[in-house]
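Visitor: Sharing a structure here in structure tokens format.
Just so you know, all these numbers are worked out from the coordinates, no wet-lab data involved. Source: prediction; values computed, not measured. In this analysis, Cβ positions are derived from the backbone assuming ideal geometry, glycine residues included, and neighbour counts consider all displayed protein chains.
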There are 4 protein chains.
Amino acid sequence: MRAGASTAEIDRLVQELQSWGLSPEKIVGSHKVVLGLVGETAALDMTRLEKLSSEIEQVLRVERPFKRASREYRHGQPSAIRVATPNGTVSFGQDLPLVVIAGPCSVESEAMIVETAARVKASGAQFLRGGAYKPRTSPYSFQGHGESALALLAAARQASGLGIITEVMDTPDIEKVAEVADILQVGARNMQNFSLLKQIGKQPKPVLLKRGMAATIDDWLMAAEYILAAGNPNVILCERGIRTFDREYTRNTLDLSAIPVLKKLTHLPVVVDPSHGTGWSEYVPAMALAAIAAGVDGLMIEVHPNPQKALSDGPQSLTPEQFTDLMGEIRSLALHRGR
Amino acid sequence: MRAGASTAEIDRLVQELQSWGLSPEKIVGSHKVVLGLVGETAALDMTRLEKLSSEIEQVLRVERPFKRASREYRHGQPSAIRVATPNGTVSFGQDLPLVVIAGPCSVESEAMIVETAARVKASGAQFLRGGAYKPRTSPYSFQGHGESALALLAAARQASGLGIITEVMDTPDIEKVAEVADILQVGARNMQNFSLLKQIGKQPKPVLLKRGMAATIDDWLMAAEYILAAGNPNVILCERGIRTFDREYTRNTLDLSAIPVLKKLTHLPVVVDPSHGTGWSEYVPAMALAAIAAGVDGLMIEVHPNPQKALSDGPQSLTPEQFTDLMGEIRSLALHRGR
Amino acid sequence: MRAGASTAEIDRLVQELQSWGLSPEKIVGSHKVVLGLVGETAALDMTRLEKLSSEIEQVLRVERPFKRASREYRHGQPSAIRVATPNGTVSFGQDLPLVVIAGPCSVESEAMIVETAARVKASGAQFLRGGAYKPRTSPYSFQGHGESALALLAAARQASGLGIITEVMDTPDIEKVAEVADILQVGARNMQNFSLLKQIGKQPKPVLLKRGMAATIDDWLMAAEYILAAGNPNVILCERGIRTFDREYTRNTLDLSAIPVLKKLTHLPVVVDPSHGTGWSEYVPAMALAAIAAGVDGLMIEVHPNPQKALSDGPQSLTPEQFTDLMGEIRSLALHRGR
Amino acid sequence: MRAGASTAEIDRLVQELQSWGLSPEKIVGSHKVVLGLVGETAALDMTRLEKLSSEIEQVLRVERPFKRASREYRHGQPSAIRVATPNGTVSFGQDLPLVVIAGPCSVESEAMIVETAARVKASGAQFLRGGAYKPRTSPYSFQGHGESALALLAAARQASGLGIITEVMDTPDIEKVAEVADILQVGARNMQNFSLLKQIGKQPKPVLLKRGMAATIDDWLMAAEYILAAGNPNVILCERGIRTFDREYTRNTLDLSAIPVLKKLTHLPVVVDPSHGTGWSEYVPAMALAAIAAGVDGLMIEVHPNPQKALSDGPQSLTPEQFTDLMGEIRSLALHRGR
């Protein structure tokens, strides 16, 4: 719609389009309102659409396979995903301050998670990560404490005021995870678990969607599209390394070029996880800083009070002291980059 | 146990081991009985174990990350997975006759699935494949007819006598799929959906486990191990192509060397899907025959009465006529290879 | 040209096209003659070309990036590459008898190479392979005996009557290698050494072009095109495995689907090297047989009199005894497949 | 050797080791001298070595496959590669100022290369890149002007005072390229052209070694080792993207984690080429800045006066104006990072 289009005219147009059998989505930006149409639109006459109202500035067809996730769908305007936390609302998005998520791979005990929350909060993190349900390659590895760990996350949330992000692995668990978590995580191995994507798209909490190990950018955005199409517009994309031929010195290959590529293709915020991306704590600082320079909107970093004794992913976890040092560098670089 | 060990002595030994807190699994082979032990066995004294009975031939420790799936777990003896179908029991396994599974990507209508079943049966297939729940990259693509398609598969099963194999995508669907299917399929995108693997391992129907697009052989066998560890020993592995840098002429890269590698590492049967493996029907015959020469135990081939009009995966589907021709070649080569 | 077009008319047409500044290539098939045109042909008027002679059956434009290598360039007719050996001419090509190349990774001594030649010849091989110049990842590994090994290959050639195939690594070596070898090999690591391709295309001996580790089918055919464009039409393609994310149990991933894909795209013969393709001798038989079933024109197999003591690539070499057994299976399957 | 070991004692030790048949290399650092031994050292008695002189501080065995390239070989001290240019010496190395190489993919004409040199110099580049010999996938693409382009590079060098870096593709060309170039480039496709590596290691000019498309970090360092072992210690490593399954939006996947990994493994300087790494000029700035944040020692960036009309790689070239803007950001970030 043109800048300054009246609410009344927009509402009239929405009703008109609904009478055609369409479900227009109203996207309210800072200057303009965009109406998004997805569905059986291939046969729509663009000229006829344009003539529906003099307040229509332009009718554009999104040619990419992902529609709601495409930058064009919001006429170039990035999304800001607002997340309510006990300490106040934190927003993820382009040009907004960098958001830092930190914490252990898995929740091991109340003392451990509460202590870690306090430490990472003191260093400047806004979110606590911690796995209750853990996807592990082996059935004989520690699988996470499950439901009981959710209560420990709730305790850490209350004690620290940090927002909580934790993974959901199965549709029947969505509800109970959503009671505790401020952001629900879909892991790399479940990125194309379409049943999970559909169900998680039907609840309102923001979703952090990790890139699958062999997912192309298109696959990933189509996975986001499943969530968006189910009604939840609050998707944050998280690059965590892809699988390549070289796995000798890093667990995965962190694809930082995904950041500028996604900034071009989609309005959704982008987070990088350098801990899974490299698999080794010694490479995390360089990759965290590189991600900031490349324009990332947030970082997810594994921190464990005692990495040598971690029940999972110890080698890629920073100690709280290392995290504090890194946060100093992160703050300085983010400031320099205007974030 | 030694060949000829008495049942009484074996039972005594099982009870003895249970009294140690272990859960021995009795594997009855044609010549011998093997007792498998998984769990907290790292601290077990091998010599003390050997002295438990004079009927023990040898105590071996499985060093691989997968235990129950390893060839050593059955002392080198391959598994035969027996599947009950209306036309009688069909077995998958090394040195057994080659099994052929055929049918469309998705169940489109009753007429279509019943006709396809009749056609592929007439050409020599023992199982009908057909998707009720379809994992699709796009939320806007045909997602399968879901539960209603299960009834159509049941009708085709009754009409043709073929066994049915169809995919389960989510834990809440397992039960209703298992009511119709003779083999439950776990798709490539769900290969590391560990919640699904655990639940499917708790029901008794055989499971066909497709290899994930970026799954190593170890990842894949560990996924099988989840099902085995949950109590279901009837797992069939299905190679369907991996994702590589070259996707110009084939959709995936079919990894036929997985066949001899798996025959060395595991006792589980191996099936190849050349339709997904190549993505183009014209390459299916060459790859189907190559898989037989490499020692595969079964083939899964997409057949559609009218590939041009298929709702999904048309380009990789054979027509019934092409399938009949291919079955002639398959039979001839299988006979030549002693299968 | 039409079947039965007169030589005089064809020659007239060649001269006419030369007068336009083109360099037509005459390809004499069993039924027809094809005239190939490469160069500044984008602006040529197809209709005007067709009117040049009533003996022209059809004018086709090759749309693929590779021209001379394309199947269309020979109007669908496969090439037969004829190689003169002391034991007579051996031809590689579609529908021709399968050709077997065997021998050690590197030439270690005269006794060793002469003995191996005798053994593989007795088992039915037509060519002896053996490296004089060896591309090795480490500068501290055995680099081949170089020029002196060429003399040993000549001795083995004379003693056995087998054709010789050996690798050229650098342009200054082409001439001396071509004095001994019946087929010059370009290795995987040099597949895009364009200087070498151009020079090797200027000499007349047939060339076996291995696929690079990360070469797409298009890259590979364009590398062949370099040789063809330089004037040498006798190129044999050799698939030897590509590099993928899974390198735990096989050194490379042998891409057997390349066989039917190449049969569609190019007229050039295709050979498979299951020794490098898998890296382990125990997997060589299954992959050799699979390649035959997939329609390969030849096999290249590493055989060493004492693999444990080989100076390079021992783990992937068969013993002469294993090779003899495999040749029995190969002959039987080739016969069954009409090769 | 201990800090302060006398030259006389070091020379005595070198002679002693030479009398054992070894070829010790003297590495003079700021505080200490290190003697490197490569060759048949497996059987050397470490204790006996330590007793050779009281000035020996420690005898260490390098366990990695690369020896001279390893960080341990220089006891943790990074190399500074000093390159003489008309404008003075420029050094590449850890903690030294960031070096920028810029220029077109290929040298097209004298006016074009001289103008580009002037423009990139004015923006702050220290080296001019430009291809005389171009490795192209197709034999029908522009192959570079070859020897005549070398004269144009010499003219641009004289006019601008910039150092010149250009690619050598074949051993017979090394000498004439080295007459003009200040740094010789080995391209990605020739990274394992071992004949070229050996010959280029015998001449004294510094070498920029690009990573092969499917080269692991180990493969790459072993390629550097070939040059070092041949006598040339001046090797600069250049990451330019690896080949992965996702090639839709970027030509390659730029592996920035290679920077911290190489900083751990080797003493050699590391440069990143974001132009080839992404393939699109719009992604070059983000990746250039990310490389700096990750700790890179230099950048190589394609700049063309008119990218739309470039004879090769236009889409990935910046205009001189875009390069000037980027250099502003590069300088600012490098300053912030202490480079």
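Visitor: Have a look at the DSSP beta bridges in the protein assembly as shown and tell me what percent are antiparallel, nearest 5.
Guide: Around 30 percent of the beta bridges assigned by DSSP in the protein assembly as shown are antiparallel ones.
Visitor: On a straight-distance basis, which aspartates and glutamates could pair with residue B:32 in a cross-link, Cα separation under 15 angstrom, same-chain partners fewer than 8 positions away excluded?
Guide: B:9, B:11, B:55, B:57, B:72
Visitor: Taking each residue in A:194-203, count the Cβ atoms of any other chain within 10 Å of its Cβ, then average. What number comes out?
Guide: 4
Visitor: Using only Cα atoms, what Kirkwood radius does the protein assembly as shown have, in angstroms?
Guide: 34.1 Å
Visitor: Can you list residues whose amide H is under 5 Å from residue D:236's amide H, if they're 5+ apart or on another chain and H is modeled 1.01 Å from N?
Guide: D:207, D:208, D:209
Visitor: Next up: Round to a whole angstrom and tell me the spacing of the C-alpha centers of segment C:314-339 and segment C:1-42.
Guide: 43 Å
Visitor: Can you compute 3J(HN,Hα) from phi for each residue in segment C:141-155, using the Karplus curve 6.51 cos²θ - 1.76 cosθ + 1.60 with θ = phi - 60°, rounded to whole Hz and x for Gly and Pro?
Guide: 7, 3, 9, x, 7, x, 3, 5, 5, 4, 5, 5, 5, 4, 5
Visitor: May I pose another question? Quick one: what are the phi-derived ³J(HN,Hα) couplings along segment B:293-306, Karplus 6.51/-1.76/1.60 with θ = phi - 60°, whole Hz, x for glycine and proline?
Guide: 4, 7, x, 5, 9, x, 10, 10, 10, 7, 10, 9, x, 8
Visitor: Can you give me the Cα centroid spacing of segment B:52-89 and segment D:236-269 in angstrom?
Guide: 44 Å
Visitor: Could the peptides B:7-20, D:318-331, D:76-89, B:101-114 be put in order, highest first, of the mean number of other beta-carbon atoms found within 10 Å of their residues?
Guide: Ranked from most to least packed, the peptides come out as B:101-114, D:318-331, D:76-89, B:7-20.
Visitor: When you look at the Cβ of every residue in C:166-174, what mean number of other chain Cβ atoms sits within 10 Å?
Guide: Other-chain Cβ atoms within 10 Å of each residue's Cβ, averaged: 3.
Visitor: Would chain B count as rounded, prolate or oblate if I go by the C-alpha gyration tensor, calling it rounded below 1.5 in a/c and otherwise prolate when a/b exceeds b/c, oblate otherwise?
Guide: It is prolate, given that a/c is not under 1.5 and a/b is the larger ratio.
Visitor: Please list the non-local residues whose amide H lies under 5 Å from the amide H of residue C:301, H modeled 1.01 Å from N, same-chain partners needing a gap of 5 or more.
Guide: Excluding prolines and chain starts, which carry no amide H, the hits are C:101, C:102, C:103.
Visitor: How large is ³J(HN,Hα) for each residue in segment A:191-199, as worked out from phi by the Karplus curve 6.51 cos²θ - 1.76 cosθ + 1.60 (θ = phi - 60°), to whole Hz, x for Gly and Pro?
Guide: 4, 10, 7, 5, 4, 5, 4, 5, 5
Visitor: Ignore the peptide's own chain and count Cβ atoms of other chains within 10 Å of each Cβ in D:276-289; give me the average, rounded.
Guide: Taking all residues of D:276-289 together, the mean is 4.
Visitor: Can you tell me what the convex hull of the Cα atoms of segment C:7-61 projects to on average, as an area in nm²?
Guide: Over every viewing direction, the Cα hull of segment C:7-61 projects on average to 3.7 nm².
Visitor: With an 8 Å Cα cut-off and a minimum separation of 6 or more residues, compute the relative contact order for chain C in percent.
Guide: The normalised contact order for chain C reaches 16 percent.
Visitor: Next question, about the same structure. Out of residues 5 or more away from residue B:241 or on other chains, whose amide H comes under 5 Å of its own, with H placed 1.01 Å from N in the peptide plane?
Guide: Residues meeting the criterion, in which the H sits 1.01 Å from N, are B:255.
Visitor: Okay, next question. Under 25 Å Cα-Cα from residue D:26, which lysines qualify once same-chain neighbours fewer than 8 residues away are excluded?
Guide: D:51, D:67, D:198, D:202, D:205, D:263, D:264
Visitor: Could you name the aspartates and glutamates whose alpha carbon sits less than 16 Å from that of residue A:176, not counting residues in the same chain fewer than 8 places away?
Guide: A:147, A:167
Visitor: I would also like to ask the following. Explain nothing, just the number: dipole magnitude of the protein assembly as shown about its Cα centre with +1 on each Lys and Arg Cβ and -1 on each Asp and Glu Cβ, in debye rounded to the nearest 20.
Guide: Here the size comes out at about 0 debye.
Visitor: Here is a further query. Using mean Cβ contacts within 10 Å as the protection proxy, how do B:174-186, C:218-230, D:129-141 order, highest first?
Guide: Ranking the peptides B:174-186, C:218-230, D:129-141 by packing returns C:218-230, D:129-141, B:174-186.
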